[in-house]
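Here the structure comes first, spelled out in structure tokens, and everything after it is commentary.
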Amino acid sequence: MKPYIRNVVVCAVLLGVVASSAMIHGVSIARAAENKNAAVTAVTVTVDNFSFTPKEITVVAGTTITWVNHDDVPHTVVSTDKKFKSKALDTDDQFSFTFTDSGTYAYFCSVHPMMTGKVIVQ
Amino acid sequence: MQGNGAAKKRPLGTKARNSMGNIIKENLNSDGIDRRGFLKCMAWAGTGTLCVMQGGVLKSFALGRGNSLDRAAIRGDFAFAQISDSHIGFNKAANPDVTATLREAIAKLNALPQSPEFVLHTGDLTQLSKADEFDTLDQSLKSVRTDRIYYVPGEHDVLNDNGEQFRERYGKDTKGDGWYSFEHRGVHFVGLVNVMNLKAGGLGSLGNDQLAWLKEDVKHLKHSTPIVVFAHIPLWTVYPEWGWGTDDSQLALSYLKKFGSVSVLNGHIHQVMQKVEGNVTFHTAMSTAFPQPAPGQAASPGPMKVPDDRLRSVLGITDVNFVRGKHTLAVVDSTLAGS
């Protein structure tokens with residue numbers, strides 16, 4: 001339970017995986033697809049202290065987002081319009097989903113519904 | 001000390017004033033008849049509390065460790081107990097051995113001066129809804145000396161299968177997602193489910209089907225029937241920022257307005273909190289597994305690590321004594337650390 005270290009790791013992962021990413025007020029904009037060599041784009045969203053980080057993320061179509069749960073309690077990642085749904089993720093479990101179509105995808109943790117997040121696919 | 005006319009005329013005893021006067025705010029209507037008032041008391045994790053309710057007036061006493069409270073004084077017509085949030089399968093720093101502390105809670109139940117005629121488990125039996133976690137819980141609870149154990153699910157018990165396994169094990173005669181009611185010695189008990197079909201951004205939820213059932217369930221009961229409602233997530237808004245409340249609980253409570261005595265027993269927040277509003281007394285129980293922080297006192301409501309030698313002072317059980325004819329319900333929280 002060291003959120004600071006975790007956040008540093010998260011940032012490092014994001015910076016390492018996503019080419020030229022920008023963090024503005026917790027909103028991450030990934031522009032990896034500008035690099036034509038990147039056939040597959042991957043982004044990580046972490047779950048710490050009952051919240052998704054980043055809470056809102058913008059990616060290009062084709063991006064795979066992986067959610068990793070760092071809490072001591074199980075969480076889920078469930079699309080509000082039923083586009084995707086994870087099983088309960090225990091500590092360090094992860095769930096991935098590839099966003100092929102552009103649009104806005106709101107999601108939440110069905111175990112702790114005050115935990116919400118959003119994926120914007122361009 | 002309780003249950004006599006003199007006590008009725010004096011909503012808060014001198015002892016209560018001395019011990020809890022700093023956190024109790026009272027505003028009583030002195031109408032001399034139903035004595036409905038508003039009184040709020042809260043006790044954070046680790047504090048034992050005794051509450052006696054008489055016709056809507058709560059008397060509250062802090063139980064210090066070693067306090068020689070005479071439990072015989074609150075002995076009623078029958079007693080039942082509540083345990084909550086066993087989280088079998090949890091093994092992180094906040095408590096690496098939740099089965100051991102559950103066993104200690106059971107020993108505590110079995111040592112009560114008045115044996116509970118039944119036990120209510122208010123949810124989060126398991127950490128991850130796994131079959132072997134339910135098995136371990138069942139195996140442990142076999143040693144509870146009581147006639148029956150009633151269950152309602154917590155959100156940890158309905159992961160991945162919408163509560164199918166839970167209902168198969170504990171809710172065969174229940175309605176809908178697992179709600180039900182039963183009578184015991186003239187008291188009407190209602191077990192509600194508020195951990196299913198939760199909506200994004202929302203709190204706990206009962207849902208329209210369950211609300212319609214509840215309305216019908218209590219419709220034909222006499223106003224004098226004492227009501228005890230139990231559910232996992234608090235049915236009052238404790239702290240919405242952490243999801244500690246139930247979106248449609250006000251509607252449920254509106255169906256219970258006509259009753260003189262309504263007691264609501266919840267778990268979920270792993271600490272003792274109480275509140276009285278009109279005819280309704282709300283109470284949350286300690287966990288048998290690990291404590292959670294007081295509202296807003298940590299970055300999240302996750303399991304709280306306390307020093308090892310303090311753990312048992314923040315885990316515990318609740319026992320309830322009912323005194324017929326006096327509308328008296330005495331709720332006693334005891335930690336595992338107490339004698």
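Site pair B:Gln114 and B:Gln250 shows an inter-label distance of 3.6 nm when each label is modelled 7 Å from Cα along Cα→Cβ. If only the Cβ of Lys and Arg carry +1 and only the Cβ of Asp and Glu carry -1, the dipole of region B:136-200 around its Cα centre is close to 240 debye.
Between the beta carbons of A:Thr100 and A:Lys55, assuming R0 = 22 Å, the FRET efficiency works out to 0.45 to the nearest 0.05. With 0.36 nm allotted per residue and the present C-alpha distance subtracted, the B:Asn91-B:Gln297 stretch has 71.8 nm of extension available.
Spatial offset of region B:109-136 relative to region B:278-331 amounts to 15 Å, using the alpha carbon center of each.
Model label sites at B:Lys257 and B:Asp132, defined 7 Å from Cα along the beta-carbon direction, differ in position by 5.2 nm.
Which residues in region B:93-129 have a backbone N closer than 19 Å to a point placed 7 Å from the Cα of B:Lys172 along the Cα-to-Cβ line? In region B:93-129, the label zone of B:Lys172 (backbone N under 19 Å from the point 7 Å along Cα→Cβ) covers B:119, B:121. Maximal additional length on extending the B:Asp308-B:Arg185 stretch stands at 40.1 nm, based on 0.36 nm per residue less the C-alpha distance.
In the structure shown, the pairs B:Lys108/B:Lys142; B:Lys219/B:Lys257; B:Lys92/B:Lys199; A:Lys82/B:Lys175; A:Lys118/B:Lys199 are assessed against 23 Å; a Cα-Cα span above that value is assigned to B:Lys92/B:Lys199; A:Lys82/B:Lys175. Model label points for B:Lys222 and B:Tyr239, set 7 angstrom from Cα along the Cα-to-Cβ axis, are 4.2 nm apart.
Readers should treat all values here as calculations from the given coordinates under stated rules, not as data from a laboratory. Being a predicted model, the structure only gives us computed values, none of them experimental. Heads up, the Cβs are rebuilt from the backbone with ideal geometry, glycines too, and the neighbour counts pull from every protein chain shown.
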